[in-house]
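Report on one structure; see the data block that follows.
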Amino acid sequence: MAKTIFINRYFYPDHSATSQLLSDLAFDLASRGQEIHVITGCQLYGNPQAALPAHEWIRGVRVHRVRTSRFGRGRLGGRLADYLTFYVGATWKLLRSVHGGDVVVSKTDPPMMSVLAAWVVKLRGGVLVNWVQDLFPEVATSMEVYGMRFAAPMLKRFRNRSLRQSRCNVVLGEIMAKRLRDEGVPPDRITIIENWADGEDIRPIHKHDNPLIVEWGLENKFVLGYSGNMGRVHEFKTMIDAAEKVKRLDDVVFLFIGDGIAREWVVSEVARRGLPNVQFYPYQSADRLRWSLSVPDVHFVSLRPTMEGLIVPSKFYGIAAAGRPIIHIGDPDGEIARILEREQCGWSFCIGEVDALANCILRLTARGPELREAGLSARRAFDRKYARSHALNSWSRLLTSATSGIPASALPDRTEQPVGAGRE
């Protein structure tokens, strides 16, 4: 029986976004009786000095962790060294693990892993599936990483060749799919499976039942929240400008939960402007996520327009599961903006539309039917399309199709049957 091998730098017990998604999927597939292996690193996303076991079984999944350098994400040179040592270790492990008919699912951390995976799969007679969370080198080029404009054309050629060689490339949305089609990847080798959240654990919670409201001193406040990674690809100045516009309203609070390279700028900018209506908290543990996502009355999601189709903000799914509406800042025709328009669960603004955003906030502070209905629409959309069970079932059918040759559309849909993918 063919096995499925996933490759990603992080896996359970790591709690980064890509690790949680992979852990959900691997555990679910193992619970369905499939032989699942994961090739990953020994680090944790927030702790490069972590030393997880080199080999272990976790809930039916065989985990192989390769040794790498431990510089972490702080400096580009150190991150590059961590990438290079992971490439070497993961490729060697893959060469020893893949046999004819095995499916290799390569994620995009580290970037360009699909190039090495494609070479191993071709050599060993396996089947390649790429799980595209972001498009490299386009992301690095858009962020103006030093030297990337010169290297990008060559890197894209290698990457595109591996994508065309694969049986399937799983992307996160229509805009990302179009980018791959424009790069010459055949449409029949592109499948959209959105990321997801745990809709059983994260559910709409009334503020009166949320212990964080009292703990964080937010009683009787209208809260606008940003939760998750605060990176270069996101835009924060429009939010801070809006906070300054409404700072005289005592009952309006801007809440930032998380961390990232842009957090320092946001904190310093809030201090420089003397904004009393902005609060900061660190990432919350997994068992507190249900509470933290339900604190805001409305959430911000932002993405710089140059990043559309290269990244899809996965924070959307947890917000929708919590039944909270969304204010999107970025491209009005971007992936999230399209969802908000289609599902009627939020509002979109271009970067710099501060007056329009402030007027929207003032309107929403009345907590009228517009706000309530948008939150209900968000949860309805989640249940209908973005629940974890939908995505896991789609993945199961896709991987069965990859090994059997039967089109995924011809396989039975078991979305409604219980899945055993809950994290411990």
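The values are calculated or read from the model by the stated rules, or taken from the named source; none is laboratory data. Everything numeric in this text was worked out from a predicted model, so none of it was measured. Positions of Cβ are backbone-derived with ideal geometry, glycine not excepted, and every protein chain shown enters the neighbour counts.
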Worksheet item: What are the pairs, 6+ residues apart or on separate chains, where a residue within segment 201-217 that is more than 19 Å from N277 (Cα to Cα) and at pLDDT 95 or above has its Cβ under 8 Å from a residue that is surrounded by 18 or more Cβ atoms within 10 Å (Cβ to Cβ) and of a type in the set (F, W, Y)?
Response: I205/W291; N210/W291; P211/W291
Item to complete: Go over the candidates S389, S394 one by one and state the one that is modelled with pLDDT of 95 or more, under 16 Å from D24 (Cβ atoms) and in contact with a Ser or Thr (Cβ under 6 Å, 6 or more places away or on another chain).
Response: S389
Fill in: Only one of L123, L128 that is part of a helix (DSSP H, G or I) and either out of contact with any His (no Cβ under 6 Å at 6 or more places or on another chain) or over 21 Å from I193 (Cα atoms) (or both)
L123
Response to the item:
Taking first residues from segment 333-351 that are in contact (Cβ under 8 Å) with a residue 12 or more places away in the chain and assigned by TED's automatic domain parsing to the domain that holds E370 and second residues anywhere that are part of a helix (DSSP H, G or I) and polar (S, T, N, Q), the pairs with Cβ under 9 Å that are 6 or more apart or on different chains are E343/S377; Q344/S377; C345/S377; G346/S377; F349/T238; C350/T238; I351/T238
Worksheet item: Only one of (1) surrounded by fewer than 23 Cβ atoms within 10 Å (Cβ to Cβ); (2) over 16 Å from the mean Cα position of the chain (by Cα); (3) touching a residue at least 60 places away in the same chain (Cβ under 8 Å) is not met by S314, so which one is it?
Response: (2)
Discussion item. So, E35, is that one free of Cβ contacts under 8 Å to residues at least 24 places away in the same chain and either at positive phi or of a type outside the set (G, A, S) (or both) or not?
Written reply: no
Item to complete: Would you check if E235 is in contact with a helix residue (DSSP H, G or I) (Cβ under 6 Å, 6 or more places away or on another chain), modelled with pLDDT of 95 or more and either under 30 Å from G72 (Cβ atoms) or part of a strand (DSSP E or B) (or both)?
Response: no
Discussion item. Here is a list: A152, A118. Which entry is touching a Pro at 6+ places or on another chain (Cβ under 7 Å) and of a type in the set (A, V, I, L, M)?
Written reply: A152
Worksheet item: Which pairs do you get when a residue that is assigned by TED's automatic domain parsing to the domain that holds S69 and closer than 17 Å to A197 by Cα, found in segment 3-20, comes within reach of a residue that is among the hydrophobic types (A, V, I, L, M, F, W, C) and assigned to a loop (DSSP other than H, G, I, E, B), reach meaning Cβ atoms under 6 angstrom, with the pair 6+ apart or on two chains?
Response: S19/F11
Discussion item. Regarding segment 75-88, can at least one residue be identified that is of a type in the set (K, R) and at pLDDT below 95?
Written reply: yes
Item to complete: Tell me, please, whether a residue that is closer than 23 Å to F222 by Cβ and either crowded, with 20+ Cβ neighbours inside 10 Å or not assigned by TED's automatic domain parsing to the domain that holds G318 (or both) can be found in segment 361-371.
Response: yes
Fill in: Lone qualifier among R164, R149, R157, R181 - being touching a Lys or Arg at 6+ places or on another chain (Cβ under 8 Å) and assigned to a helix (DSSP H, G or I)
R164
Practice prompt. Find the strands (runs of 3 or more DSSP E) located wholly in segment 1-106 whose residues include 2 or more that are loosely packed, with under 15 Cβ neighbours inside 10 Å, and list them.
Written response: 55-58
Discussion item. Here is a list: D201, D241, D188. Which entry is part of a loop (DSSP other than H, G, I, E, B) and either more than 26 Å from D287 (Cβ to Cβ) or touching a helix residue (DSSP H, G or I) at 6+ places or on another chain (Cβ under 9 Å) (or both)?
Written reply: D201
Discussion item. Pull out all pairs, ordered by first then second residue, where Cβ-Cβ is under 8 Å, the residues are six or more apart or on different chains, the first lies in segment 146-162 and is closer than 15 Å to L180 by Cα, and the second is of a type outside the set (D, E, K, R) and surrounded by fewer than 16 Cβ atoms within 10 Å (Cβ to Cβ).
Written reply: N160/G184
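So that you can scan it fast, the table gives a plain yes or no per residue for (1) of a type outside the set (D, E, K, R); (2) under 28 Å from E308 (Cα atoms); (3) surrounded by 17 or more Cβ atoms within 10 Å (Cβ to Cβ):
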{"site": "G199", "(1), (2), (3)": "yes, yes, yes"}
{"site": "V233", "(1), (2), (3)": "yes, yes, yes"}
{"site": "S268", "(1), (2), (3)": "yes, yes, no"}
{"site": "Q279", "(1), (2), (3)": "yes, no, yes"}
{"site": "L289", "(1), (2), (3)": "yes, yes, yes"}
